[in-house]
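Here is the structure we will look at, set down as structure tokens.
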Amino acid sequence: MKKVEAIIRPEKFQSLREKLEEVGINGLTVSEVAGCGQQKGEQGLFRGQSFEIKLVPKVKVEMVVEAEHVDEIIKIVQSTCSTNQIGDGKIFVYSVEDAVRIRTGEVGLQAIL
Amino acid sequence: MKKVEAIIRPEKFQSLREKLEEVGINGLTVSEVAGCGQQKGEQGLFRGQSFEIKLVPKVKVEMVVEAEHVDEIIKIVQSTCSTNQIGDGKIFVYSVEDAVRIRTGEVGLQAIL
Amino acid sequence: MKKVEAIIRPEKFQSLREKLEEVGINGLTVSEVAGCGQQKGEQGLFRGQSFEIKLVPKVKVEMVVEAEHVDEIIKIVQSTCSTNQIGDGKIFVYSVEDAVRIRTGEVGLQAIL
Ligand SMILES: Nc1ncnc2c1ncn2[C@@H]1O[C@H](COP(=O)(O)OP(=O)(O)OP(=O)(O)O)[C@@H](O)[C@H]1O
Ligand SMILES: Nc1ncnc2c1ncn2[C@@H]1O[C@H](COP(=O)(O)OP(=O)(O)OP(=O)(O)O)[C@@H](O)[C@H]1O
Ligand SMILES: Nc1ncnc2c1ncn2[C@@H]1O[C@H](COP(=O)(O)OP(=O)(O)OP(=O)(O)O)[C@@H](O)[C@H]1O
Ligand SMILES: [Mg+2]
Ligand SMILES: [Mg+2]
Ligand SMILES: [Mg+2]
């Protein structure tokens, strides 16, 4: 199993989720984050008083999936979330050792199907 | 070392934390997230205007622990956070390469004891 | 590639970011989290009604970097974020299997340079 973590523009999330659903990817977790890339933040402020310096609001989407689905998901994220402008975001891929569905106790691939 | 990441119902967090303390697991990090599983979100909205589609608020609990404690923690999460209703959440397990306690510079297992 | 995840005092974030920029680390993602370590939370409350028990607000900084930069980043986090008081935080290091720059489709190290 792999975790695909996409850090995207917030306004792209809805169309990404729709495209993922079309190919049967329904399980995902979303967080509000802020960040900077090579160009540093110049478009906004992160909420809270702790951050006087500029950071750009982003959405982090995490999907734990079968390894064989990673390439398809990356293609969907790219086609849905790219605007050709700096700041479109990043995708990171991690290995996942195990998964458990809390309701049933199913583990491994059964837990994410 | 392993990271156990549990995505649970927010209202279950307090009893989970109490049970973890009872077995000596004190170090954890909590985030407010939103998500959908197989059943998609139908119970709430994520804060912020970016999300017109339905997502269910969840809490993500991350615990970096000795590998030998993973099974015990999974059992505690399941016994504490399962309601037998859809949407009880998921547990994911990851490998952690190193840990550092910032205050002392201790690394590895010493950093998480 | 590695992910360096630092969970720090919120008031330390700005000086950490400045120090990282000085050595050319510009890509990072920030989240508001809450947590407890060995001493448990006794200094604040996490936002939201779900958490009646005490948790300390922290900031999570995630940086995906070339493996050879990990030690330097750890040193910077320690020198910038340590106050010698309990609760300075933790650093965790994870392996990252791949990265993609969404705008260009670049993968691997090219995606994070
Ligand atoms: N190395 C990194 N580690 C962790 N998060 C990163 C990293 N680089 C970028 N990010 C996250 O991705 C978001 C978008 O990054 P961004 O697309 O601006 O990267 P970039 O390298 O500057 O690419 P581009 O040239 O397309 O702008 C950032 O706001 C940050 O949250
Ligand atoms: N594959 C996944 N990747 C990342 N996060 C996930 C995944 N599946 C579920 N989640 C997260 O876990 C939360 C709870 O999922 P949920 O328990 O509804 O999963 P499920 O597969 O539908 O199981 P159930 O049948 O018990 O409802 C979701 O809101 C989401 O945040
Ligand atoms: N094992 C852990 N897993 C996940 N997050 C942790 C863990 N330990 C600590 N954290 C996170 O780091 C934050 C700071 O921890 P803290 O510095 O208090 O650790 P500690 O072990 O108590 O060290 P110290 O003795 O220096 O206080 C916590 O609020 C929590 O968010
Ligand atoms: Mg950029
Ligand atoms: Mg469900
Ligand atoms: Mg502490």
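The values are calculated or read from the model by the stated rules, or taken from the named source; none is laboratory data. Every value quoted in this text rests on a predicted model; they were computed, and no experiment measured them. Every residue, glycine as well, gets a Cβ built from its backbone with ideal geometry; the counts of neighbours run over all protein chains shown.
Which pairs have Cβ atoms under 9 Å, sit 6 or more apart or on different chains, and link a residue in the range C:9-30 that is more than 14 Å from A:C36 (Cα to Cα) to one that is of a type in the set (F, W, Y)?
C:P10/A:F51
Hey, can you tell me all the residues within the range B:63-75 that are crowded, with 19+ Cβ neighbours inside 10 Å and either in a strand (DSSP E or B) or out of contact with any strand residue (DSSP E or B) (no Cβ under 9 Å at 6 or more places or on another chain) (or both)?
Correct list: B:M63, B:V64, B:V65.
Restricting to the range C:90-113, give me the number of residues that are more than 16 Å from ligand 4 (Cβ to nearest atom) and closer than 23 Å to C:G24 by Cβ.
Count: 10.
For the range B:82-99, enumerate the residues that are away from ligand 3 (no atom under 16 Å from the Cβ) and assigned to a strand (DSSP E or B).
B:G89, B:K90
(1) at positive phi; (2) facing chain C (nearest Cβ under 7 Å); (3) modelled with pLDDT under 95; (4) touching a strand residue (DSSP E or B) at 6+ places or on another chain (Cβ under 7 Å): which one isn't true of A:G89, the others all being true?
(3)
Could you list, in sequence order, all residues of the range B:79-91 that are of a type in the set (S, T, N, Q) and surrounded by fewer than 19 Cβ atoms within 10 Å (Cβ to Cβ)?
Selection gives B:S79, B:S82, B:T83, B:N84, B:Q85.
On the basis of being modelled with pLDDT of 95 or more and part of a strand (DSSP E or B), does B:K60 make the cut?
yes
Scan A:S79, A:S50 and give me the residue that is modelled with pLDDT of 95 or more, among the small types (G, A, S) and outside any strand (DSSP E or B).
A:S79
Quick one: C:K75 ticks every box in (1) more than 7 Å from chain B (Cβ to nearest Cβ); (2) in contact (Cβ under 8 Å) with a residue 12 or more places away in the chain except a single one, so which number is it?
Among (1) more than 7 Å from chain B (Cβ to nearest Cβ); (2) in contact (Cβ under 8 Å) with a residue 12 or more places away in the chain, the lone unmet condition for C:K75 is (2).
What number of residues within the range C:68-81 satisfy the criterion of being within 16 Å of ligand 3 (Cβ to nearest atom) and in contact with a Leu (Cβ under 8 Å, 6 or more places away or on another chain)?
Going through the range C:68-81 one residue at a time, the tally reaches 3.
Could you list, in sequence order, all residues of the range A:92-113 that are at the interface with chain C (Cβ under 7 Å from one of its Cβ atoms), closer than 24 Å to B:L55 by Cα and surrounded by fewer than 15 Cβ atoms within 10 Å (Cβ to Cβ)?
none
Quick one: would you say C:V65 is under 19 Å from C:A6 (Cα atoms), under 14 Å from the mean Cα position of the chain (by Cα), within 12 Å of ligand 3 (Cβ to nearest atom) and within 14 Å of chain A (Cβ to nearest Cβ)?
Here the answer is no, as C:V65 does not meet what is asked.
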